[in-house]
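**Q** The structure that follows is given in the form of structure tokens.
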Amino acid sequence: MSKINLWYILNKYWDIIKEEVNVKELDVLPKDIKVKIVYVPIGSIISKKFGKDTGQIIKYAKSGNVEVLDNSKIKVFSDDGKEWILEQQDYQLRYEWLDDKNMAADEGVIVRLNLDIDENLLKEWVARQISRFLNQLRKEANYDVADRVNLYWYTDNEFFKDIVNSFSDFLKKEVLLKSVNFVKTLEEFNNLICDIRKVFKEDEGDIYFCLKK
């Protein structure tokens with residue numbers, strides 16, 4: 001893939017890529033990133049074109065005697081001035097010095113994931129987990145897909161309180177909620193008449209949820 005086409009795709013489908021890959025932001029890798037691209041000629045293919053020169057081509061390509069040309073072609077050159085032009089199908093790309101934990105490369109594209117999760121990202125992730133949990137509750141309650149319902153919830157965990165309060169508008173949109181109502185005590189929550197109720201459990205604690213038309 002050419003650089004022009006790659007950048008066109010990234011810029012046009014930026015938001016779709018973030019959504020599909022489940023990443024918060026996309027950015028360009030710094031130019032000084034330490035990744036070495038090695039061009040490896042495919043012997044079984046180039047031998048039909050270059051015959052006895054095949055061994056030299058492979059040797060010089062692996063040693064770095066390569067110039068990248070237009071249209072994904074490369075020029076392999078020897079120390080004594082010989083040159084061979086290879087088409088894209090004549091070689092493979094190999095990447096060296098990749099950090100296996102958070103980097104990958106294919107088709108000339110190098111990707112690095114920043115796996116550091118700050119508190120804001122953690123809260124957003126939990127909010128999305130809650131959204132999926134509540135949508136499953138909607139299905140179990142046999143609500144119509146267009147039904148807007150009321151949510152009642154209780155927790156004594158401050159972290160969860162902050163998340164539900166901060167992401168209440170998000171939850172209203174994703175779960176089709178008319179209202180999001182915090183219940184002050186577990187006793188009061190247990191006395192509610194609900195269409196369905198269930199506990200969302202995480203390591204941090206529990207949230208008690210009740211859905212009602």
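**Q** What number of residues within region 36-94 are charged (D, E, K, R) and part of a helix (DSSP H, G or I)?
**A** 8
**Q** Can you tell me which residues in region 61-71 are over 17 Å from SER44 (Cα atoms) and either without any contact (Cβ under 8 Å) to a residue 24 or more places away in the chain or out of contact with any Asp or Glu (no Cβ under 9 Å at 6 or more places or on another chain) (or both)?
**A** Of everything in region 61-71, those that are over 17 Å from SER44 (Cα atoms) and either without any contact (Cβ under 8 Å) to a residue 24 or more places away in the chain or out of contact with any Asp or Glu (no Cβ under 9 Å at 6 or more places or on another chain) (or both) turn out to be SER63, GLY64, ASN65, VAL66, GLU67, VAL68, LEU69, ASP70.
Rule-based calculations on the coordinates, nothing more; no lab input. From a predicted model like this one, the values you see are computed outputs, not experimental measurements. Counting neighbours? That spans all protein chains shown, and the Cβs are built from the backbone with ideal geometry, glycine included.
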